[in-house]
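A.B. asks: Next up is a structure, given as structure tokens.
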Amino acid sequence: MRKPRDFDAELKSLEDKAKTLKDRKVRQLGELVIATGADALEIETLAGALLWITDSGEAARKQAWTKRGAAFFRRGKVEPTPADAAPSAGGGQ
């Protein structure tokens, strides 16, 4: 006869694992903000920049940022390039 599965214990284990992963993600985000020097920015500036990034429909620019982000994690801080500049007040959107 097979041993019955304890679904409640399995569910609890998965919930604990999900919480651990979420906590680690939040901690790593904080470490990233500090490592990049973004902790020196006003919170409104940082929030505005993040919102602009997420709202931007410019796939090429997002791809460039992704490439720079990957480079940052491989070798450390990367100098900004002109392509990384935010749009002018006139906007290119």
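A.B. asks: Apply the Karplus parameterisation 6.51 cos²θ - 1.76 cosθ + 1.60, with θ equal to phi minus 60°, to every residue of region 8-22 and state each ³J(HN,Hα) to the nearest whole Hz, in sequence, with x for glycine and proline.
C.D. replies: Going residue by residue, I get 5, 5, 5, 5, 4, 4, 5, 5, 5, 5, 4, 5, 4, 5, 5 Hz, with x marking Gly and Pro.
A.B. asks: Go ahead and run the numbers for FRET between ASP16 and ALA59, Cβ-Cβ distance against an R0 of 35 Å, rounding to 0.05.
C.D. replies: About 0.40, to the nearest 0.05.
A.B. asks: What does the charge count near THR54 come to, summing +1 for each Lys or Arg and -1 for each Asp or Glu among other residues with Cβ under 14 Å from its Cβ?
C.D. replies: 0
A.B. asks: Another one. At 1.4 Å probe size, with the rest of the protein present, what percent of the exposed accessible area of region 15-78 is carbon and sulfur atoms?
C.D. replies: For region 15-78, the apolar C and S fraction of the accessible surface comes to 62 percent.
A.B. asks: Something else now. Suppose the chain between ASP23 and ALA9 were pulled fully straight at 0.36 nm per residue; how much longer would it get relative to their current alpha carbon spacing?
C.D. replies: Working it through step by step, the gained length comes to 2.9 nm.
A.B. asks: I would also like to ask the following. What distance in nm lies between label points placed 7 Å from Cα along the C-beta direction at ALA71 and ILE34?
C.D. replies: Here the answer is 2.6 nm between the modelled labels.
A.B. asks: Can you work out the accessible area per residue across region 17-63, with the rest of the protein chains kept in place, probe 1.4 Å, in square angstrom?
C.D. replies: Counting only protein heavy atoms, the per-residue value for region 17-63 is 82 Å².
A.B. asks: When the Debye formula is applied to the Cα atoms of region 1-79, each taken as the same point scatterer, what base-10 log of I(q)/I(0) results at q = 0.11, 0.15, 0.18, 0.22 Å⁻¹?
C.D. replies: Computed log10 I(q)/I(0) values: -0.50, -0.74, -0.92, -1.16.
The values are calculated or read from the model by the stated rules, or taken from the named source; none is laboratory data. Computed from a predicted model, the values in this text were never measured in an experiment. Glycine also receives a Cβ, built like all others from the backbone with ideal geometry; neighbour counts cover every protein chain displayed. These area figures cover heavy atoms from the full protein model, side chains too; ligands, DNA and RNA do not enter into them. Shrake-Rupley method; radii C 1.70, N 1.55, O 1.52, S 1.80 Å.
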